[in-house]
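Bear in mind these aren't lab numbers, they're just calculated from the coordinates by the rules spelled out. In this text the structure is predicted, and so the values were computed from the model without any measurement. Heads up, the Cβs are rebuilt from the backbone with ideal geometry, glycines too, and the neighbour counts pull from every protein chain shown.
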Amino acid sequence: MPLTNDGAEAIAELLIDTGTAYTNANAHIGVGNGTITFDKTHSDLQGASNERGGMDSGYPQIDVAKLTFRSTFGENSANFDWEEWAVFNDVTAGTMLNRVVEDNGTKVEGHVWEFTVEITVEA
């Protein structure tokens, strides 16, 4: 997972209980149309069009060392090319944990997309 500098610091802060957790109330998956190559100094999505979706009920989940985040984007939200995505701990600000640049297709009005992110913590 391409972790950002801010994301690495957020993990360190959470280890000593001083950071903002990525809970159901706080965590959001952001999607955008940015195609700029990942840089660990990025602190937000790079596209002109982007949107964050809150967690679906029961997410995030943890199973051993795998975290699963899931957001559903409704018929009238995030209707653009999905070229990048990230996990945040706030709806508008907060810390971007990671950022991935990849073509996930074009969401159009009238369609509902569910987006799932799985992050495995490895030793």
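How much net charge surrounds T18 when only the other residues with a Cβ under 15 Å from the Cβ of T18 are counted, with Lys and Arg +1 and Asp and Glu -1?
Values: positive: none; negative: D6, E9, E13, D17.
Around T18, the charge tally is -4.
For region 1-41, what class follows from the C-alpha gyration tensor (a ≥ b ≥ c being the square roots of its eigenvalues): rounded when a/c is under 1.5, otherwise prolate if a/b is larger than b/c, else oblate?
Working: a/c = 3.78, a/b = 1.50, b/c = 2.52.
Note, shape of region 1-41 comes out oblate.
Which residue, F69, F38, F88, has the most motion in a Gaussian network model of the chain that connects Cα atoms within less than 10 Å?
F38
Run the helix sum for the chain: -39,500 (n - 2.57) per DSSP H stretch of 4+ residues, divided by residue count, reported at 222 nm to the nearest 500 deg cm²/dmol.
Per the formula, -2500 deg cm²/dmol.
Using every Cα-Cα pair within region 1-122, state what percent have a distance larger than 19 Å.
Numbers: 3249 of 7381 pairs.
In whole percent, the long-distance tail amounts to 44.
Once phi is turned into ³J(HN,Hα) by the Karplus curve 6.51 cos²θ - 1.76 cosθ + 1.60 with θ = phi - 60°, what whole-Hz value does each residue of region 83-100 show in order, with x for glycine and proline?
Coupling constants for region 83-100: 10, 8, 8, 7, 10, 10, 10, 6, 6, 10, 10, x, 10, 7, 5, 8, 8, 10 Hz.
If a paramagnetic tag sat 7 Å from the Cα of V64 along the Cα-Cβ line, which residues of region 80-123 would have the backbone N under 15 Å from that point?
Once the point is set 7 Å along Cα→Cβ of V64, 119-123 turn out to lie under 15 Å by backbone N, inside region 80-123.
Hey, can you rank 70-79, 6-15 by average C-beta count inside 10 Å, highest first? Don't skip to the answer; put the middle values down first.
Details: 70-79: 17.0, 6-15: 15.4.
Ranking the peptides 70-79, 6-15 by packing returns 70-79, 6-15.
What's the angle, to the nearest 10 degrees (0 to 90), between helix 5-15's Cα axis and the longest principal axis of the chain?
The angle comes out at about 50 degrees.
Just to check, using Stokes-Einstein with a Kirkwood Rh over alpha carbon pairs, what's the diffusion coefficient of region 53-123 at 37 °C and 0.692 mPa s in µm²/s?
Values: Rh = 13.3 Å.
Stokes-Einstein gives a translational diffusion coefficient of 247 µm²/s.
Given a Förster distance of 25 Å, report the FRET efficiency between A123 and A12 from their Cβ-Cβ distance, rounded to the nearest 0.05.
Details: r = 17 Å, r/R0 = 0.67.
Here the calculated transfer efficiency is 0.90.
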